[in-house]
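First the structure, in the form of structure tokens, and then the observations on it.
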Amino acid sequence: MRSFATILCLTALFLALATVAIAEEGFQPLFDGKTLGGWRGVAGSTDSYYVEDGMLICKPQGHDHIFTEKKYSDFVLRLEIKLEPGGNNGVGIRTKISKVPHLEGMEIQVLDDPYYADGKLIKLKPYQHHGSLYGVVPAKTGHLKPTGQWNQEEIVCNGRHVKVTLNGTVIVDADLDKIPLPTMDGRDHPGLKYNKGHISLHAHGNYGARVFFRNIRVKEL
């Protein structure tokens, strides 16, 4: 039986190797696991989010979005996402600091799809499922893990190409220049034309559910 000290050493080694692996790939952390440093709100408020045990957590009734201080153009974004039942959020790419970053930028939907499957609370449209380019491009469904489990998600934004991979499966692969107009939700999406902006996390009230993020990191292309 290994001693407690040995287990601690092995754990520390594993974490160190994981950190080195991320660094070797050229990724930089967007979340330090301890604070909201590097993030800001629309009016300076980040009150809808808090940090606990290395996780960035959206409050159950949070309605404020948070944005990276830095802007990004072409990049690979990797993060882990965990949902409570009914969880609803979004990952913004190339956004303005705005109350409507899904229009003033692009939003990759974060949603506990099964919770709404019966249509009693919301009758989901194809572009509202988890991983969709909200309002514009529907994601392939069936690849989201059950609530309480961590999902590995990668978002690639390279020129006019946006690709979303969820738990190893590509669920969105879109050429922004080939998006039919008007968009699926019938609204104007000026953000589809932006070539640079903030990365953001969007709070939508969540029906009393928290949404958890960790290991948020980015590699510029």
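The values are calculated or read from the model by the stated rules, or taken from the named source; none is laboratory data. The structure displayed is predicted, hence computed values, not measured ones. Ideal geometry is used to build each Cβ from the backbone, glycine not excepted, and the neighbour counts take in all protein chains shown.
Just a few scattered comments:
- Checking each residue in the range 201-221 for being assigned to a strand (DSSP E or B), aliphatic (A, V, I, L, M) and either farther than 18 Å from W150 by Cβ or modelled with pLDDT under 95 (or both) picks out A203, V218.
- Residues that are in a helix (DSSP H, G or I) and under 17 Å from M184 (Cα atoms) within the range 105-157 comprise P126, Y127, Q128, listed in sequence order.
- When H63, H143 are checked against the criterion of being under 16 Å from the mean Cα position of the chain (by Cα), surrounded by fewer than 21 Cβ atoms within 10 Å (Cβ to Cβ) and over 14 Å from H202 (Cβ atoms), H143 stands alone in meeting it.
- The set of residues in the range 87-104 that are assigned to a loop (DSSP other than H, G, I, E, B), more than 13 Å from L144 (Cβ to Cβ) and in contact (Cβ under 8 Å) with a residue 12 or more places away in the chain comprises K96, I97, S98, K99, P101, H102, L103, E104.
- Residue list for the range 55-70, filter: touching a Leu at 6+ places or on another chain (Cβ under 7 Å) and not in a strand (DSSP E or B): H65
- Close pairs (9 angstrom Cβ cut-off, 6 or more residues apart or separate chains): part of a strand (DSSP E or B) in the range 40-54, surrounded by fewer than 13 Cβ atoms within 10 Å (Cβ to Cβ) and modelled with pLDDT of 95 or more anywhere: R40/E69; V51/K34; V51/T35
- Test: residue in the range 71-86 that is closer than 13 Å to A203 by Cβ, of a type in the set (D, E, K, R), in a loop (DSSP other than H, G, I, E, B) and in contact with a Ser or Thr (Cβ under 9 Å, 6 or more places away or on another chain): no
- Residue in the range 119-129 that is closer than 23 Å to Q61 by Cβ and touching a residue at least 60 places away in the same chain (Cβ under 8 Å) present: yes
- Taking residues in the range 199-221 that are in the same structural domain as V51 (by TED's automatic domain parsing), and partners anywhere that are basic (K, R) and part of a loop (DSSP other than H, G, I, E, B), the pairs with Cβ atoms closer than 7 Å and at least 6 places apart or on different chains are R210/K59.
- Contacts under 6 angstrom Cβ, first residue in the range 174-187 being in the same structural domain as K125 (by TED's automatic domain parsing) and free of Cβ contacts under 8 Å to residues at least 24 places away in the same chain, partner outside any loop (DSSP other than H, G, I, E, B) and surrounded by 15 or more Cβ atoms within 10 Å (Cβ to Cβ), 6 or more apart: L176/L192
- Scope the range 162-189; condition assigned to a helix (DSSP H, G or I) and loosely packed, with under 15 Cβ neighbours inside 10 Å; matching residues: D177, K178
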